[in-house]
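Undergrad: This is the structure I have questions about; it appears just below.
The values are calculated or read from the model by the stated rules, or taken from the named source; none is laboratory data. Just so it is clear, the structure is predicted and the values come from calculations on it, not from any experiment. Cβ coordinates were reconstructed from backbone atoms using ideal geometry, including for glycine residues, and neighbour counts include every protein chain displayed. All accessible areas refer to the heavy atoms of the entire protein, side chains included, with ligands and DNA or RNA removed. Shrake-Rupley method; radii C 1.70, N 1.55, O 1.52, S 1.80 Å.
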Amino acid sequence: VAELWWIYSKPIPADSRELWTLFLQCSCITVVIGGLFYNWMFASLEYSWHLSVAMAVSFSLLLLLTLLLVHPARCVFSMIMPTLGTKQGRKLLFSTCIMIAAVNITPNIIGNVKTILQVVKCICKNSSDSLLNSTALLEKVSWEFGDAVQGTAHSIYKPMNGHFRFSLLHNSSLIYQQMHLAGEKISREFLSVEVLVKDSIRVANRLAAGFSMLYLCVESTWYLKNYLTNLHFDNFYITKKLERLAVDRKAAHLLVGSSKKLIRPTGLKLSWEEVVPCLVQAMLVTVALMLMLMVVAMDHFAFSVADVAVRRAAEFSAVSVTVNIKYKVRAGGSRIMHFIYKILGVPSEELLLGDFNRTYHHHLIFSSAHCGISAPTPPNPSVLLVVGLLFCILYATVFLETYARRLCREIAASFFQSWEEERVLHLYTKLCRRHRK
């Protein structure tokens, strides 16, 4: 492994064997990166497969030529890998979390809200049907009651037409039409909102992902530029070269006395200057986690409401309505005749003209099995598992960022060993001046 890395980090291969070894190394790297690039574009960013294939092939060929011919480019590319453990890598992970929420969680919330609206629509339609049918019952009652009034035995007491007319039934088709149009309008609006949200998040995620990848390359290039031009930049590590230099010049005590300000890149020690940014980044990740938990909670809440609505709608019982009509008409003499009969003690006779006593039953139905209600969709546990793992990685990268930067310095030092010796000599001279003061 050490020999392969030595060949990979050399500016120019010494012979044909090293050249072929370098070509095989770059080819293996480009094949792996090309496959990951295709999967990222097709599965995460949701580009079409033919565009993803074309972009992956073009990117792989360009990367192969760049790695094979440009030595600093190999160094920059090698530093991109540990840079993924810094804030730029976290931006890519955030982008992936947002895309997962947009593709899986948000449509699930909208689907459950649609289910709730379907339940409301079903209840409104069935209740309106029942109410309209009740008007038909009232019309039947009125006609039977009118027929009974008209069918009295004594035509002299027969009243005029006692029928009632209901015009509400003639507007039932209009009511159904208005309800259907309202339901279709709500469905179209929800569909347009769902498409707009998914498209907006997809475009924003693509832009953020592209910017993050570009910034990864820029940050790695910026680090290499500062490493090669500024002797003070990121030069506070006790490396093996510095230890050997101090031992050769019999000044090992310099490293012991300055141990509080110097860091061993192979140890686990973190200075206070390295801990504070980690805590700040951990707080930012926690804020993002709370926002994602709010989205997940909305998904669970929408599902629970939709599930309760569907179950309660299925349990709705029909409400029975009873219409009871009692009607009696008696005809007698005038009030004077009643008074005379009363004085004389003669019982007054009354004539029974009509007797109507009937009971009608009707049921108000609020739900029906014929309603097209889709079953509520529960939250996908695999999506929650993936999001949870991504946030675990995010928290890990917060504290691994320091070690990732140390690894970037080790990579730069292995690619430019002569410059690393000058940096070590500069740090040693700085420690000597500080010790003399």
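Undergrad: Tell me the residue from Met99, Met55 that is open to solvent by 20 Å² or more (accessible area, probe 1.4 Å) and not acidic (Asp, Glu), please.
TA: On the way: Met99 fails: open to solvent by 20 Å² or more (accessible area, probe 1.4 Å).
From the options Met99, Met55, the qualifying one is Met55.
Undergrad: Give the number of residues within segment 208-250 that are touching a residue at least 24 places away in the same chain (Cβ under 8 Å), acidic (Asp, Glu) and out of contact with any Ser or Thr (no Cβ under 8 Å at 6 or more places or on another chain).
TA: Of the residues in segment 208-250, 1 are touching a residue at least 24 places away in the same chain (Cβ under 8 Å), acidic (Asp, Glu) and out of contact with any Ser or Thr (no Cβ under 8 Å at 6 or more places or on another chain).
Undergrad: Just checking, which of Leu117, Leu68, Leu92 is under 19 Å from Thr286 (Cα atoms) and assigned to a helix (DSSP H, G or I)? Quick ask: steps written out before the conclusion?
TA: On the way: Leu117 fails: under 19 Å from Thr286 (Cα atoms); Leu68 fails: under 19 Å from Thr286 (Cα atoms).
The conditions single out Leu92.
Undergrad: Going by the structure shown, is Phe37 open to solvent by 50 Å² or more (accessible area, probe 1.4 Å) and touching a Phe, Trp or Tyr at 6+ places or on another chain (Cβ under 8 Å)?
TA: Numbers: open to solvent by 50 Å² or more (accessible area, probe 1.4 Å): no; touching a Phe, Trp or Tyr at 6+ places or on another chain (Cβ under 8 Å): yes.
Taking the combined requirement at face value, the residue does not satisfy it.
Undergrad: Working carefully through the options Thr21, Thr106, find the one that is β-branched (Val, Ile, Thr), under 29 Å from Tyr227 (Cα atoms) and part of a helix (DSSP H, G or I). Walk me through it before giving the result.
TA: Working: Thr106 fails: under 29 Å from Tyr227 (Cα atoms).
Of Thr21, Thr106, the one residue that is β-branched (Val, Ile, Thr), under 29 Å from Tyr227 (Cα atoms) and part of a helix (DSSP H, G or I) is Thr21.
Undergrad: Among (1) within 22 Å of Ala412 (Cβ to Cβ); (2) open to solvent by 30 Å² or more (accessible area, probe 1.4 Å); (3) modelled with pLDDT of 85 or more, there is one condition Glu18 misses while meeting the rest; what is its number?
TA: Against the list (1) within 22 Å of Ala412 (Cβ to Cβ); (2) open to solvent by 30 Å² or more (accessible area, probe 1.4 Å); (3) modelled with pLDDT of 85 or more, Glu18 comes up short only on (2).
Residue by residue, here is whether (1) in contact with a helix residue (DSSP H, G or I) (Cβ under 8 Å, 6 or more places away or on another chain); (2) among the hydrophobic types (A, V, I, L, M, F, W, C); (3) assigned by the TED database to the domain that holds Ser142; (4) modelled with pLDDT under 70 holds:
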| position | (1), (2), (3), (4) |
| --- | --- |
| Ser259 | no, no, yes, yes |
| Gly267 | no, no, yes, yes |
| Leu270 | yes, yes, yes, yes |
| Leu291 | no, yes, yes, no |
| Met298 | yes, yes, yes, no |
| Ala306 | yes, yes, yes, no |
| Asn324 | no, no, no, no |
| Phe339 | no, yes, no, yes |
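Undergrad: Can you tell me which residue within segment 208-243, out of those that are exposed (fewer than 13 other Cβ atoms within 10 Å of the Cβ) and of a type outside the set (A, V, I, L, M, F, W, C), is farthest from Phe415 (Cα to Cα)?
TA: Among them, the one singled out is Gly210.
Undergrad: Determine the pairs where a residue that is in contact (Cβ under 8 Å) with a residue 60 or more places away in the chain and more than 16 Å from Lys10 (Cβ to Cβ), located within segment 414-429, has a partner that is of a type in the set (Ser, Thr, Tyr) and part of a helix (DSSP H, G or I) with Cβ atoms under 9 Å apart, the partner being 6 or more residues away or on another chain.
TA: Arg423/Tyr227
Undergrad: For segment 81-88, indicate whether the set of residues that are part of a helix (DSSP H, G or I) and either open to solvent by 60 Å² or more (accessible area, probe 1.4 Å) or on the phi > 0 side of the Ramachandran plot (or both) is non-empty. So that I can check it myself, show each step before the final result.
TA: So in segment 81-88, the residues part of a helix (DSSP H, G or I) come out as 81-83, 87-88.
Right, trim to either open to solvent by 60 Å² or more (accessible area, probe 1.4 Å) or on the phi > 0 side of the Ramachandran plot (or both) and you get 81, 87.
Checked against the condition, which is being part of a helix (DSSP H, G or I) and either open to solvent by 60 Å² or more (accessible area, probe 1.4 Å) or on the phi > 0 side of the Ramachandran plot (or both), segment 81-88 yields at least one hit.
Table: residues versus (1) within 30 Å of Lys87 (Cβ to Cβ); (2) at pLDDT 70 or above; (3) open to solvent by 80 Å² or more (accessible area, probe 1.4 Å); (4) not assigned by the TED database to the domain that holds Ala101.
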| position | (1), (2), (3), (4) |
| --- | --- |
| Ser348 | no, no, no, yes |
| Leu351 | no, no, no, yes |
| Tyr360 | no, yes, no, yes |
| His370 | no, no, yes, no |
| Ser374 | no, yes, no, no |
| Thr377 | no, yes, no, no |
| Val387 | yes, yes, no, no |
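Undergrad: Considering only residues that are open to solvent by less than 80 Å² (accessible area, probe 1.4 Å) and at pLDDT 70 or above, look in segment 309-319 and name the one that is farthest from Pro376 (Cα to Cα). Can you show your working first?
TA: Pass one, segment 309-319, residues open to solvent by less than 80 Å² (accessible area, probe 1.4 Å): 309-310, 313, 318-319.
Then keep just the ones that are at pLDDT 70 or above; that gives 309-310, 313, 319.
Details: Ala309: 10, Val310: 8, Ala313: 13, Val319: 27 Å.
For segment 309-319, the residue satisfying everything is Val319.
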